[in-house]
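Undergrad: Handing you a structure now.
Each value in this text was obtained by applying a stated rule to the coordinates, not by laboratory testing. As the structure is a prediction and not an experimental result, all values here were calculated from the model. Don't worry about glycine lacking a Cβ; one is built from the backbone with ideal geometry, like all the others, and counts go over all protein chains shown.
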Amino acid sequence: MLILDGLLVRDVVIADDVAAEILGPGDFIPASTDGDGTLPCGVRWTAMTPTQIACLDGGFAKAMLAFPEIALALIERQKVRADRLVTLRAIAHLNGVDRRLLALLWLLADRWGRMTRDGVILPMALRHSIMANLVGARRPTVSTAMSRLQRRDAIRQRPAGGWILREHPEGICSEVLTQAPQPRGPVFFPEKPASPAAADGDVDRRMRKLEDRANTARADSARYIQQLQSTCAAVESSRRQRPRPHGVGVPADDAAHSPGTPHDGAGSLHLIHLAAGCLGSSRR
């Protein structure tokens, strides 16, 4: 299914907890998303606004074979949705409901917001119960946190519905990304060359190793070719010495080649192919 217009909320209910996501125009929803699994959970869909959905059935799948770029576009939209879900999960792990709600509003503003001189307008009138399911909190806690955000002028409520975001999201950035990662095991750092001359010496050593490998490969190839030529000559010799019935595997110009006459072996490969074909047809 492809959402053409409107807004949908998808709730996944496990025990007494609900996790939600918001879907809008352009989001692609596979038909097997809500399939049964080993984990007992329920899924419910709620239309926040009048919504129009296109059902992409088997006829669409057959027609899409002639336009592979459409399939790539749908895969890209699935990737964007997956990235958005991961971000939403990270928001639900933030400390403090105030930070979660502010991060959620900015995440929604990246897609549905528009910039004005008063701030970023988010024209989505979300109920506090839906916002609670999005950030992993309870509705009363969300209502209290939204009041605190309004008192410090981080957000403003619009008379027509929605919000005006005034506090920049840099204020909720975590220090995790700025901290140097601590290694969990032994770390080996490559030795830096002491001088440009040492670096040139390393390049020369690598070039010599590559030349040695190339020479070894040439020698091996020559040896393999020689062995193959010897094997072909032995097969040709045994073929000529073995008696055969008249008309089976004997070329029309075989009489032109005497045992002492040099032969290039091209005819032998063709004869092996014909002989195999004769045996295959006789078995059938």
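Undergrad: Along its three principal axes, how long is region 44-156 when you only count alpha carbons? Whole Å, largest extent first please.
TA: Rounded to whole Å, the extents work out to 56, 34, 27 Å.
Undergrad: Next question, about the same structure. What Kirkwood Rh does region 95-175 have if only Cα atoms enter the pairwise 1/r average? Answer in Å.
TA: The Cα-based Kirkwood calculation yields 12.7 Å.
Undergrad: Ranked highest first by average number of other Cβ atoms within 10 Å, how do 65-75, 127-137, 90-100, 111-121 line up?
TA: 127-137, 90-100, 111-121, 65-75
Undergrad: Another one. Working out 0.36 nm times the residue gap between M115 and R166, then minus their Cα-Cα distance, what length gain in nm do you get to one decimal?
TA: Contour length minus the Cα-Cα distance gives 17.3 nm.
Undergrad: Sticking with the crude label model, points 7 Å out along Cα→Cβ, report the distance from I70 to S221 in nm, one decimal please.
TA: According to this spin-label approximation, the distance is 4.8 nm.
Undergrad: What's the Cα-based Rg to Rh of region 197-240, Rh via Kirkwood?
TA: Taking Rh as the inverse mean 1/r over Cα pairs, Rg/Rh reads 1.47.
Undergrad: Treating the beta-carbon of each Lys and Arg as +1 and of each Asp and Glu as -1, no other charges, what is the dipole magnitude of region 95-175 about its Cα centre, to the nearest 20 debye?
TA: 340
Undergrad: How long is the gain from T141 to S129 if the chain were fully straight, where each residue apart is worth 0.36 nm and the alpha carbon distance is subtracted?
TA: 3.3 nm
Undergrad: Between D11 and A54, take the C-beta separation as r, use R0 = 30 Å, and let me know the FRET efficiency to the nearest 0.05.
TA: Given R0 = 30 Å and the Cβ-Cβ separation, E is 0.85.
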